[in-house]
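> Input: one structure, supplied below.
Read-outs: derived from the displayed coordinates by stated rules, not from any lab. Note that the coordinates shown come from a computational prediction; the quantities given were computed from them, not determined experimentally. Note that each Cβ is placed from the backbone with ideal geometry, even for glycine, and that neighbours are counted across all protein chains shown.
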Amino acid sequence: MSSLFSQLAVLGSSLTLIFALMLLWHRSVDAYTTAFAWQSVVLAGIVAVVAYFERDPELYFVAAMLLLLKGWLIPRLLRRMEGPFGAEQELQPYVNTATSLLISGLLVLFAYAVCRPLVALSHLPTRAGMPLALGLIFVSLFVIASRKKALTQVIGFLMLENGIALLAVLGTYGIPLVVEIGVFLDLLLGFMVMQLFVYRIHETFESLDVEQLGRLKH
Amino acid sequence: MTLMGTLVTGAIVCYLAGALAALLGNDRWGRILGAWGAASGAAISLSLGMVALASGSVFSAVFDFPSLTGFALRIDGLSAPFLILTGLVGAASSVYGAGYSAAYTGVYSLRKLGALFNLLLLTLTLQVMADNALTFLLLWEAMSLVAYLLVLTEHREPATVRAANWYLAITHVGFAALLAMFFLLSAGDLSTAFDTLRANAPVPTQRNAIFILALLGFSAKAGLIPLHVWLPMAHPVAPSHVSALLSGVVIKMGVYGFCRIVLDLMSGGPAWWGGLALALGVASALFGVLYALMEHDLKRLLAYHSVENIGIIFIGIGAGLMFQSYGLMSLAALGFVAALYHTINHACFKGLLFLGAGSVLHATHTRNMEEMGGLIKKMPRTALMFLIGAASISALPPLNGFASEWLIFQTLLGGSHIPEPAVALMIPIAVALLALSGGLAMACFVKAFGITFLAIARSPAAEKAHEAPLSMQAGMGILGLACIGLGLTPFFVVPVLGRALAGLDRLAWETTVFSLTLPLNTPATFGSMSSPLLAAGLLILLGLIPLALWVIGANRRTRVGDTWGCGRIAQTPRMQYTATAFAEPLRRVFAELYRPTKDLSIDFHPESKYFVQSIEYQSEIHPWFEKLLYQPLIGIFHRIADRVRWIQAGWLGLYLTYMLVGLIALLVLAWWTP
Amino acid sequence: MRLFSKILSVGIVTEPLDNGGEEVELARQVAAKTQKLLGRAVGIREVDAGSCNGCEIEITGLTSPIYDLERFGLCFVASPRHADMLLVTGPVTRNMEVPLRKTYEATPDPKLVVAVGDCAKTCGVFQGSYAVVGSVDAVIPVDVFVHGCPPEPSDILRGILAALDRLPPK
Amino acid sequence: MSAWFVEIFQVVFVVALAPGLVGLIRWIKARLQSRLGAPPGQPYRELGKLFHKEAVVSKNASWIFRFAPYAVSASTLAIAFLVPVLVVPRRLDMVGDLFVVVYLLLLGTFWLALAGLDPGSAFGGMGSSREVTVAALAEPTTATAIFSLALGAGSTNLGAIVAAALNDPWTVLTPGHLLAFAALFIVAIAETGRLPVDNPSTHLELTMIHEAMILEYSGRYLALLEWAAWLKLFVFLSLLANLFFPWGIATTLTPGALSWAIVTLLVKLALLAVVIAVMETRVAKLRLFRVPELLTASFVLALLAITSSFLLR
């Protein structure tokens, strides 16, 4: 019973991580959006699994919120944002694809090493997924650091948020519902602000390449 | 006198007689007698090693003549494998050298070559017997100097001189490290017997210093990254039978020394020792093969592969040290056995490949692969031998390279038993990089064999190539047979090598008895492999397939036609894939590691830029980390040299004054210290 | 997903082949042994000996779902070494004479040659040009001619099958 | 005695069915392209035809060119002997483990690449160069995936790995297992020259990998090479099927268990054939220089597989 629980939790965490890795492999923002949407769906699934095994009805609500907001609404907004900018492609990232993949693999290894004492202390059946969640956070940060297009960075940020949520769910079975709702609102607001920024960047530079921001100095 | 004593004396006599004959004889007889001396000496070295392994007895002798005071020799289990590989490669390359060096007649001194060749074999044979620091260091220096002079054989080529100088510089950096190491180890008394040193363990901080110095000194000789730079320079310019000895045996002395000091005298250490050796080994394996891939000078390519294989050997040793520090003794034994096995194997196939490359050089007078091609039709036996060597070094079953690499893989798989997870997680990365270097080595040898021997000749020289003389074929044949034999008998070789290690008295092995059954079961019960059965199976299948074709009545007619080229009129060698083109995909894939320089210049027509007159494209690969590491060092030396130039005045009186001052200072020092 | 629903809704569109008009002409009798050997697996190498590419466009149609030559066990191959049949189009130009011969030589025996289009037989409008050597059978032996300028894909298919004696009954 | 008979039977079974599997994949692909397509038995007819045609050999080629088809098919057949297809435990397990299988594959690649260079054709050289590149870059993934499998089973012996998976059927669902499967699947695609790494039905020399090397071969040589390539695909797929989803494989030599093993194997292979056909319909061939990226991705998957197996051990 609890072994199935932990298997499912680890499986889900691995899947979320793989969706993050897809960001490094693909080049079109459309594929990024799809990856993010699926990642959020899996995340919602993990939350639902935790809710089922821990008999915590509040978490069902969180799962539904996740599904609605991140699995459907934000991807929809993202796709709509793509419209005015045309098909943006991440053609020349700072770090090339193969190296990025290797670096993220090493980041996950690092996450395992860092999490070692944490996992050893914990007794939760979900503990084995925690290194993967931390790895997801690292990989998302790496995406933000190594990619040039503003939209990629936005998605990287959203995945980072997913990673934090995953860590919270796996490590503490979720934070109180009020806080969770607050985070969701924050997220939505943050997304709006970023959307605004992306529009402004595009207006100013006719491109979403954040390298252009360097020109603001002059 | 015991059997081993007789053999030792016999070997020394043979080598000295060979050297003398080479010095005194004329070009023809000196060459042949010198080769005989070397070959018979090497055969005795080989049997010495075998006797030592078979009987398990220890030979030891201390010389007390006034001129040889403190000179001590001893043969034990660890010396034996190295004696065997010295004898094997030595015998093959001396037979080969008899024919090969004929080409030097009247161009370079054959006497010097023959005498030095004998001396090199002598120092190598004695090196592994050295039983105190003084003997070890003296022989070490003698071996380095003789090897230096041998590299200098073609001394009128500027590249040779440059390469020899690099070799001399790095080998002396290593020597300095070894000197310091032995001073620390023997607390100042260099003539202390190794047995005493084994008994007196130094304090831990000193041990660490000793380890670092030993690693530095021995890796300079072995050609481990980053001290490998001399290897691809010096090995290609030496005469080919000397290259075989340099790559096959001389660099193995680094491995021997490292094992002797770290395994035997200090009997292992903390885990980071093994980790460091492992990391350096992995780096050497990968970078060695990567640079080999980009190389189109056949002998340089082989030299870079020596860097790779030394890396693989150090992976085995490093993993063994790590396991030892965690108390996983049978895994540690497996690692050391695998490393020793690979050491012998590498000596055989690399010797063979260098001899093969020598035959090609002998026939075409070029080392540039882009000017070869089609040689398999002109020199079929050399091609077959080179093919055996290429398949062995690419670790293809059922040849010897595969047997030892398989063992190293199995050792590394045991890494999951290491209780420290952070360390254990490093092992899979080593496995992956080792596998990568294995795959790349295969790619590299498809290139080396395919471009050199297959298709159409790319230059008139290659068209006029001829088969090597019989003595050279015999030399290659010995090593070719050794490659096959060592590949088919791991079930025999592994226990024997295990016994060699069991001779090290302070290493407490749990399992040194390896099963003697036909399949090779590794002690940690990880996997099993049986190369004789595998070879038999492959041979049977090779016979069955034509039989099956005959049974189903397949059409056996063969018509010879042109190569298909989309109906073009004629084929020229320029239409073939070149070595550069062959390696191009990998160059692109690893562009971040190679960092090639690009230089593109286009000459436009003065009237319009749409008419191009000529396009020149140049792309070179310089090992950037060498630049990073060595450039500043060289700069510092230059600056120091500039500073102290005022000491030199070219006036004899001044130099005598320096000496006087130095003497007085020494005397004062001696007077002050009680 | 959209792709697969489309595939499902389209279904199989391959049209059955009937025994059509008089476009196919047997130039010589193919040995029964060859026909038996090549019967149901033929590799085809297309050689454009100098055509206007009209025939090529029709030949391209053979691989389409409508005509689908693979159902007869035919396929185009990348090298004459793998081929059993040469599909030659156009009048043979001077530049293509040697390559055509070389292709024929490079093809292992037994082999068939199907010449496609009027030009292959008569040189068409290029007849008498200084650049043209002649019809295909002036250079290599031809087994079947397929008439038409250009011939329909189904005629080409019938021509190929006629060489193999596998024409569908009338 | 009967154990040896089963060993032989297994190889005959594999060799006999290998062309059928390729025919099946081609047939499914044809159906997905709205075509009738050749019947699944077509590859057998092709082989029959090729065996009875003469062989044309380039005048520049040496014995390497003529020997390579035999070497390649012998090494592939040897793999067919080593891989557990129908039964575990096996008599031949001691002859070679998973590493031996991998290096036998490399042996085949080595000979094929040499044969590609031998006639001196530019196409052959191109094919060899690309083939060895892909083979070399697939090595780290393979080794790492083997490592993770060996961790679970405590052995690199194929029989032991399958037996371990049989004993504990739920390990199949562990992420380590699934990730290793994904990694090895990518390697299998790269090694057997399927889309998106190599297009098995291409006729454009510049995009070829495997096909470019055998462009010079004809007659019986070509038949042997084609058969060996199909055999490689069959063995790879049954290896994947049995290592990761060993359900149904016989553990005793009773006729009932054996026939059940055959049925389950055929079902598993048919499923994999459908997966491959659907995937080949869906994806386009990758640019040659994106292939290393794909292989890097597979390596990262294998690395993650190891880390999670370490953790769950």
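> Express in nm, to one decimal, how much length is gained between B:His172 and B:Met575 on full extension, taking 0.36 nm for each residue of separation and deducting their alpha carbon distance.
140.3 nm
> Just counting partner chain Cβ atoms within 10 Å, what average do the residues of peptide C:33-46 show around their Cβ?
The per-residue average across the peptide is 3.
> Shielding of D:87-100 by partners, i.e. mean partner chain Cβ atoms within 10 Å per residue?
If you average over the peptide's residues, the count of other-chain Cβ atoms is 5.
> Among residues other than D:Phe234 whose Cβ falls under 15 Å from its Cβ, what is the net charge (Lys/Arg +1, Asp/Glu -1)?
My count for the surroundings of D:Phe234 gives +2.
> Now, a different point. Please sort through the DSSP H helices of chain B and keep those with an alpha-carbon extent of at least 27 Å along the long axis and a Kyte-Doolittle average not below 0.0.
Helix filter hits for chain B: B:3-24, B:27-55, B:79-100, B:158-185, B:271-293, B:298-325, B:329-364, B:426-453, B:531-551, B:624-643, B:652-672.
> Determine, for each peptide in B:448-460, D:284-296, D:116-128, B:605-617, the mean count of other beta carbons within 10 angstrom over its residues, then list the peptides with the highest first.
Averaged packing, sorted descending, gives the order D:116-128, B:448-460, D:284-296, B:605-617.
> While we're looking at this one, here's another question. Per residue, how big is the convex hull of segment B:132-270 when only Cα atoms are used? Give it in Å³.
Dividing the Cα hull volume of segment B:132-270 by its residues yields 93 Å³.
> How big is Rg to Rh over segment B:272-551, alpha-carbon atoms, Rh as the Kirkwood inverse-mean-distance radius?
1.02
> Mind putting together the pair-distance distribution for segment B:286-345? All Cα pairs, 10 Å bins, whole percent per bin, short to long.
26, 36, 24, 12, 2
> For the modelled label position 7 Å from the Cα of B:Glu463 along Cα-to-Cβ, which residues of segment B:368-389 have backbone nitrogen atoms closer than 20 Å?
Taking a point 7 Å out along Cα→Cβ of B:Glu463, the residues of segment B:368-389 whose backbone N falls under 20 Å are B:368-380.
> Ok, one more. Of the cross-linked pairs B:Lys447/D:Lys53; B:Lys464/D:Lys59; B:Lys447/D:Lys49; D:Lys29/D:Lys285; A:Lys148/B:Lys627; C:Lys36/D:Lys53, which ones have a Cα-Cα span greater than 22 Å in the structure shown?
Pairs exceeding 22 Å: B:Lys447/D:Lys53; B:Lys447/D:Lys49; A:Lys148/B:Lys627.
> Additional query: For an R0 of 30 angstrom, estimate the FRET efficiency from the Cβ-Cβ distance between B:His417 and B:Asp189 and round to the nearest 0.05.
FRET efficiency, B:His417 to B:Asp189: 0.15.
> So, with +1 on the Cβ of K and R and -1 on the Cβ of D and E, and no other charges, what is the size of the charge dipole of segment C:23-163 about its Cα centre, to the nearest 20 debye?
500 debye
> Evaluate the distance, in nm, between pseudo-label points positioned 7 Å from the Cα of A:Leu118 and of C:Asn95 along their respective Cα→Cβ axes.
6.9 nm
> Using just the Cα positions, wrap chain B in a convex hull and report its mean projected area in square nanometres, one decimal place.
The directionally averaged projection comes out at 39.4 nm².
> Right, next: Taking the alpha carbon gyration tensor of segment C:23-163, what are the square roots of 5 times its eigenvalues, largest first, to the nearest whole Å?
In descending order, the three semi-axes are 22, 17, 14 Å.
> Provide the packing ranking of B:393-405, B:225-237, i.e. peptides ordered by the mean count of other C-beta atoms within 10 Å per residue, highest first.
B:393-405, B:225-237
> As a check on your grasp of the helix formula, calculate [θ] at 222 nm for chain D: sum -39500 (n - 2.57) over DSSP H runs of n ≥ 4, divide by the residue count, round to the nearest 500.
Here the helix-only value at 222 nm equals -24000 deg cm²/dmol.
> No solvent, one uniform scatterer per C-alpha: report log10 I(q)/I(0) for chain D via the Debye equation at q = 0.13 1/Å, two decimals.
Each listed q corresponds, in turn, to -0.96.
> Here is a further query. For B:Thr489 and B:Tyr108 in the same chain, what is the full-extension length gain: residue separation times 0.36 nm, less their Cα-Cα distance, in nm?
Extra length from B:Thr489 to B:Tyr108 when fully extended: 133.0 nm.
> Calculate the FRET efficiency for D:Ala16 and B:Ser55 from the Cβ-Cβ distance with a Förster distance of 45 Å, rounded to the nearest 0.05.
0.25
> Now, a different point. Taking every residue in C:74-87, how many Cβ atoms of other protein chains lie within 10 Å of its Cβ, on average?
Per-residue shielding by partner chains comes out at 5.
> At a Förster distance of 35 Å, what's the computed FRET efficiency of B:Leu663 paired with B:Leu633, Cβ-Cβ distance as r, to 0.05?
The value I calculate is 0.60.
> For segment B:632-672, what is the convex hull (Cα atoms) projected area averaged across all directions, in square nanometres?
In nm², the orientation-averaged hull projection of segment B:632-672 is 4.1.
> Right, here's the next one. Under 20 Å from the Cα of B:Lys112, which aspartates and glutamates turn up, not counting those fewer than eight places away in the same chain?
B:Asp27, B:Glu141, B:Glu154, B:Glu157
> Return the distance in nm (one decimal) between the two label points of a simple spin-label model at C:Ala32 and C:Ala131, each offset 7 Å from Cα along Cα→Cβ.
4.6 nm
> Which ordering of D:Val172, D:Val85, C:Val146 is given by a fewest-first count of other beta-carbon atoms within 10 Å?
With the fewest neighbours first, D:Val172, D:Val85, C:Val146 line up as D:Val172, D:Val85, C:Val146.
> Here's something else I'd like to know. Over the alpha carbons of segment D:95-230, what is the largest minus smallest coordinate on each principal axis, giving the biggest first in Å?
51, 31, 23
> Moving to a separate point now. Using mean Cβ contacts within 10 Å as the protection proxy, how do B:322-329, C:107-114 order, highest first?
C:107-114, B:322-329
> Which value in Å does the Kirkwood hydrodynamic radius of the protein assembly as shown take, with 1/r averaged over all unlike C-alpha pairs and then inverted?
Over the protein assembly as shown, the inverse of the mean reciprocal pair distance is 34.6 Å.
> Quick one: if you stick a label point 7 Å off each Cα along the C-beta vector at C:Arg166 and C:Ser5, how many nm between them?
Label at C:Arg166, label at C:Ser5, 3.9 nm between them.
> Place a +1 charge on the Cβ of each Lys and Arg in the protein assembly as shown and a -1 charge on the Cβ of each Asp and Glu, then give the dipole magnitude about the Cα centre in debye, rounded to the nearest 20.
1040 debye
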